[in-house]
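Colleague: Questions regarding the structure given below will be posed in turn.
The values are calculated or read from the model by the stated rules, or taken from the named source; none is laboratory data. This one's a predicted model, so the numbers in the text were calculated from it and none came from an experiment. Accessible surface areas use protein heavy atoms only, side chains included; no ligands, DNA or RNA. Shrake-Rupley method; radii C 1.70, N 1.55, O 1.52, S 1.80 Å.
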Amino acid sequence: MRSLNVLFCGLLTGLTLSLPVATARAATASDELSVSTRLQALSRAHAAVVGLQVQAIEGAPSVETLGAQRSGTGVVIGPDGLTLTIGYLILEAEQLQITTADGKTLPARSVAYDPATGFGLVRPLLATPQLPAVPLGAVNSLQSGEALLTFTGASGEEAAEVAPTVLMSQRPFSGAWEYHLDAALFTSPPIARHWGAALFNQRGELLGIGSLRVPNAADPSRRLPGNLFVPVDLLRPVLAEMLNTGSSAQSQRPWLGLSSSEAAGRVQIIKVTEAGPADLAGLQAGDLVLGVDGQRVNSLESFYKTLWAHQALDQPIELTVMQGAELRQIKLLPSTRLRSLRRPEGI
């Protein structure tokens, strides 16, 4: 414990010194938490961060992009070792293992995967009340330039790590894989082991779960390498539902099986999932998506939100598509992301 306290004292001192003078003074004056209270909170956070090792189902579609063997981080947030992580880490998992901060390995199972938020939940197969849970922090009070901490769990030969970082921006993010966040957290400098990494404030409260390494953490027009974290504010409204049903109602939305990019006000398909709705309808890489159900789309965000506004999964969606020099109206019956996933036998 003493060595951890020395580490955290050094990090807290470094974080304070790295802030602008006025900000540091304001933080010191307004923060009622003593150093010892912060050290206790960060030690609890450290104990709650675990490593995750995943073996995916042989031949599962996600293996092509994510690999069959995966490793990352999770954070214990609830009783019996309930652990929050990034959902794609546990996608189509056949075997799961948790490595605790004190080096114990525990077999685990997937509890939920929520495509809408991107979160995943894992729980040890055996109840482990000794694993401490951390509180969720308030993301809406964060300000750009705020000094934070990232935690990664032990995984294989990789040791657990703690590193300082800075919140650079909060802004919308649209992923190529039919995914959108209205307000993601962007930090810098980047960490390499971002899969499920934990973002904490200096009170030991969990703020976000690591998803990506990005080239532009400050703003889209300026190069500054960093990471994207999914804010825990998105978890609170859907946590109970995820525990009860394995996902949230908002994840039961149209999915086409596309990867797309956005440039100069155009949405271009870059990949089509084999045997997905788009593939079956004849869409191809290189096609331009100009409209959904008669509404023009000019960005990934507008494409996704117009698509998801189509409530009836049993009714076809009409896309306006430019294929080469030909303008086409293509109808296709959507599915959901969850229906496309493979599950271990017996589940």
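Colleague: Percent of accessible area on the chain owned by carbon and sulfur, 1.4 Å probe? Mind showing how you got there, number by number?
Modeller: Working: 8460 of 16200 Å².
Carbon and sulfur together cover 52 percent of it.
Colleague: Residue 271: which aspartates and glutamates have alpha carbons under 14 Å from its alpha carbon, excluding same-chain residues fewer than 8 sequence positions away?
Modeller: Within reach: 64, 178, 262, 279, 287.
Colleague: Something else: If the chain between residue 144 and residue 182 were fully stretched, how many nm would it gain, using 0.36 nm times the residue separation less the Cα-Cα distance?
Modeller: 12.0 nm
Colleague: What percent does the relative contact order of the chain come to when contacts are Cα pairs within less than 8 Å and at least six residues apart?
Modeller: About 14 percent, as a whole number.
Colleague: Another one. Counting helices only, and only those DSSP H runs with n ≥ 4, report the 222 nm mean residue ellipticity of the chain as the sum of -39,500 (n - 2.57) divided by its residues, in deg cm²/dmol to the nearest 500.
Modeller: Details: 7 runs with 66 residues, N = 347.
Helix-only estimate at 222 nm: -5500 deg cm²/dmol.
Colleague: Additional query: Could you compute Rg(Cα) / (2.2 N^0.38 Å) for the chain, with N its residue count?
Modeller: 1.05
Colleague: Between residue 80 and residue 323, 0.36 nm times their residue separation minus their Cα-Cα distance comes to what?
Modeller: Net length gain for the segment: 82.2 nm.
Colleague: Let me ask another. Quote the relative contact order of segment 245-327 in percent (integer), defining contacts as alpha-carbon pairs under 8 Å separated by 6+ residues.
Modeller: 28 percent
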